[in-house]
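The values are calculated or read from the model by the stated rules, or taken from the named source; none is laboratory data. Small disclaimer: the values here were computed from a predicted structure and weren't measured. Note that we place each Cβ from the backbone using ideal geometry, even for glycine, and neighbour counts take in every protein chain shown. When the accessible area is computed, the model is the full protein with side chains, heavy atoms only, and any ligands, DNA or RNA have been set aside. Shrake-Rupley method; radii C 1.70, N 1.55, O 1.52, S 1.80 Å.
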Amino acid sequence: LEITDIRVERLQDISEQDAIAEGYPADDSVQYVPPRLWYKDLWQSIHGENSWDENPWVWVIQFKPHLVNVDKYIAALGVI
C-alpha cells in the first residue's frame, strides 16, 4: 500500500465518498441507505449506541494499493 494522505477530522465530517470507500455495499438488491447513514450505523455497531454522537477526532488514512510483488515494486523504484 502507498499512503497518499493522512489527516484528522471529526467523525461526523465524513464525506459520502469516504463512506463509500469504507466499504459501502454496492448491492442493489437491498433497500437504499445513504452512505453516511450506513457508515453511522456501522460505527455504532462497532463502538456502541451513542458513539456517533460523541463525534470524536479520527485519523483518515488514504492509500493506493499496488497489486504487485513488493520486491519487484521496490526494485522498479530503484530503491535497492
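Since only P34, W57, H47 are under comparison, the one whose Cα sits farthest along the positive direction of the charge dipole of the chain, derived from C-beta charges on Lys, Arg, Asp and Glu, is W57. One equal scatterer on each Cα of the chain, no solvent, Debye formula: the resulting log10 I(q)/I(0) at q = 0.22 Å⁻¹ is -1.04. Loop-located GluC sites (Glu not before Pro) in the chain (DSSP state not H, G, I, E or B) with no more than 10 neighbouring Cβ atoms inside 10 Å: E49. Rg and Dmax of segment 1-42, based on Cα coordinates, read 12.0, 35 Å. Can you tell me the 0 to 90 degree angle between the C-alpha axis of helix 35-47 and the longest principal axis of the chain, rounded to 10? For 35-47 against the chain, the angle is about 90 degrees.
At 1.4 Å probe size, with the rest of the protein present, what percent of the exposed accessible area of the chain is carbon and sulfur atoms? Could the numbers behind the result be given before it?
Numbers: 3490 of 6320 Å².
Using a 1.4 Å probe with all protein chains present, the chain comes out at 55 percent carbon and sulfur.
The slack between F63 and E2, meaning 0.36 nm per residue of separation minus the straight C-alpha distance, is 21.4 nm.
What whole-number value in Å² describes the accessible area per residue of the chain for a 1.4 Å probe? Could the numbers behind the result be given before it?
On the way: 6320 Å² over 80 residues.
Here the residues of the chain average 79 Å² of exposed surface.
Neighbours of L11 by Cβ distance under 14 Å: Lys/Arg scored +1, Asp/Glu scored -1, total -3.
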